[in-house]
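Every read-out reported here was derived from the displayed coordinates using simple, explicitly stated rules and does not represent laboratory data. Here the structure is a predicted model, which means the values were calculated and not measured. Because the Cβ atoms are built from the backbone with ideal geometry, glycine has one as well, and the counts that use them run over all protein chains shown.
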Amino acid sequence: MPEGHSLRRLADELDATFAGSAVRTSSPQGRFAGSAALLDGTRLLRADAAGKHLLVDFEGDRLLHVHLGLYGTFLVHRPPVTPPVGQVRLRLVSEDAWADLRGPTACELYTPEQKVELLARLGPDPLRPDADPLRAWERIRRSRTPVGALLMDQSVIAGIGNVYRAEILFRHGLHPLRPGLAVRRGQFLALWVDLAELMADGVRVGRIETVRPEHLHLVGPGERPAYVYRRAGEPCRLCGRTVLTEELVGRNLYWCPRCQPAYRGRA
DNA sequence: GTGCCATGTGAAA
DNA sequence: TTCACCTGGCACC
């Protein structure tokens, strides 16, 4: 489930598992074979996440950039090492662990300049304590673009995906099509603080949990534990109105028309 | 068992 | 705007 919290967890796990160790690297699938050969046998120094991007430093000034995309996975295992199953883009093997990367959108070596460019085009990441929400606010407050689109724009805020977007807008009673410039500063700052807490919870728990404790009893067994995400056509958990969906820039929005009233020209 | 859709992005057209 | 990535969960048969 690769939203920002997953990448933070992955980076932490890779760092805890491999940092300081020499690793054998290979590309059983072949698509990363040349670069894997360059890394092979070098020491993995550090793994870190920025938004939904993973950056891994290796000895010899080599830098690995990975983006999992929609269905990529990078899973760490303990020995014994087993033969690759399916399409393994990159395999890491150390003395006491191994990991397989599958189905990523991006797996490539980065130059230092590419890393600088990446960080420069990412907005503040709510999972980083030094993140400055006012950088995001400056983009939002002057934009006619719907706030639902702005939140998913990684250059505005890094690390939000479709689940956090849908849920955070519900929690703050904001209609996803409200223009950025019609969001009040206080509303946005409250949303940011809430988002940072939810994403930090997501890192701890390993799941996106957005339903407030006092509403958990409204979630039936086996039901998706969300207010609106992927609940189109079902009743809002708080007011009973039917949850709506609509596509915006290629992704599905979900919202409750009563709890998140339409914008009618005033903030 | 089969087929569709999905937590996302970047390249190709 | 469409496709590639080519996994995994789930609804449906």
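Quick grid of which residues meet (1) assigned to a helix (DSSP H, G or I); (2) charged (D, E, K, R); (3) touching a Gly at 6+ places or on another chain (Cβ under 7 Å); (4) within 14 Å of DNA strand C (Cβ to nearest atom):
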position	(1), (2), (3), (4)
A:20	no, no, no, no
A:25	no, no, no, no
A:31	no, yes, no, yes
A:38	yes, no, no, no
A:44	no, no, no, no
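Pick from segment A:214-242 the residues that are among the hydrophobic types (A, V, I, L, M, F, W, C) and in a loop (DSSP other than H, G, I, E, B): which of them is farthest from the chain's Cα centre (by Cα)?
The extreme case among them is A:239.
Does residue A:12 satisfy the condition of being more than 16 Å from DNA strand C (Cβ to nearest atom) and crowded, with 16+ Cβ neighbours inside 10 Å?
Considered against the rule, which asks whether it is more than 16 Å from DNA strand C (Cβ to nearest atom) and crowded, with 16+ Cβ neighbours inside 10 Å, residue A:12 comes out as no.
Can you confirm whether segment A:101-113 contains a residue that is among the hydroxyl-bearing types (Ser, Thr, Tyr), within 24 Å of residue A:76 (Cα to Cα) and within 16 Å of DNA strand C (Cβ to nearest atom)? Walk me through how you get there before you give the answer.
Kept after step one, since they are among the hydroxyl-bearing types (Ser, Thr, Tyr), are these residues of segment A:101-113: A:105, A:110-111.
Then keep just the ones that are within 24 Å of residue A:76 (Cα to Cα); that gives A:105, A:110.
Then drop every residue that is not within 16 Å of DNA strand C (Cβ to nearest atom), which leaves A:105.
Yes, that holds for at least one residue.
Please state which one of A:210, A:245 is of a type in the set (S, T, N, Q), touching a residue at least 40 places away in the same chain (Cβ under 8 Å) and either in a loop (DSSP other than H, G, I, E, B) or surrounded by fewer than 20 Cβ atoms within 10 Å (Cβ to Cβ) (or both).
A:210
Restricting the search to segment A:47-64, which residues are without any contact (Cβ under 8 Å) to a residue 60 or more places away in the chain and surrounded by 15 or more Cβ atoms within 10 Å (Cβ to Cβ)? Lay out the reasoning, then the answer.
First, the residues of segment A:47-64 that are without any contact (Cβ under 8 Å) to a residue 60 or more places away in the chain: A:47-48, A:54, A:56-64.
Across segment A:47-64, the qualifying residues are A:47, A:48, A:54, A:56, A:57, A:58, A:62, A:63, A:64.
Determine which member of the set A:222, A:161, A:180, A:202 is touching a residue at least 40 places away in the same chain (Cβ under 8 Å) and within 16 Å of DNA strand C (Cβ to nearest atom). Let's see the steps before the verdict.
Values: A:222 fails: touching a residue at least 40 places away in the same chain (Cβ under 8 Å); A:180 fails: within 16 Å of DNA strand C (Cβ to nearest atom); A:202 fails: within 16 Å of DNA strand C (Cβ to nearest atom).
Step by step, each of A:222, A:161, A:180, A:202 is checked, and only A:161 is touching a residue at least 40 places away in the same chain (Cβ under 8 Å) and within 16 Å of DNA strand C (Cβ to nearest atom).
Yes or no, residue by residue, for (1) more than 22 Å from residue A:236 (Cα to Cα); (2) surrounded by fewer than 20 Cβ atoms within 10 Å (Cβ to Cβ):
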| site | (1), (2) |
| --- | --- |
| A:153 | yes, yes |
| A:158 | yes, no |
| A:162 | no, yes |
| A:167 | no, no |
| A:176 | no, no |
| A:180 | yes, no |
| A:184 | yes, yes |
| A:197 | yes, yes |
| A:201 | yes, yes |
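Please report, ordered by residue number, the strands (runs of 3 or more DSSP E) entirely within segment A:65-157 with at least 1 residues that are free of Cβ contacts under 8 Å to residues at least 24 places away in the same chain.
Hits in segment A:65-157: A:73-77, A:98-102.
Matching residues to (1) acidic (Asp, Glu); (2) surrounded by fewer than 18 Cβ atoms within 10 Å (Cβ to Cβ); (3) closer than 30 Å to residue A:209 by Cβ:
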position: A:16; (1), (2), (3): no, yes, yes
position: A:20; (1), (2), (3): no, yes, no
position: A:23; (1), (2), (3): no, no, no
position: A:26; (1), (2), (3): no, no, no
position: A:35; (1), (2), (3): no, yes, no
position: A:41; (1), (2), (3): no, yes, no
position: A:44; (1), (2), (3): no, no, no
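Looking at segment A:79-97, is at least one residue of a type in the set (Asp, Glu) and buried (at least 19 other Cβ atoms within 10 Å of the Cβ)?
No; the residues of segment A:79-97 include none that is of a type in the set (Asp, Glu) and buried (at least 19 other Cβ atoms within 10 Å of the Cβ).
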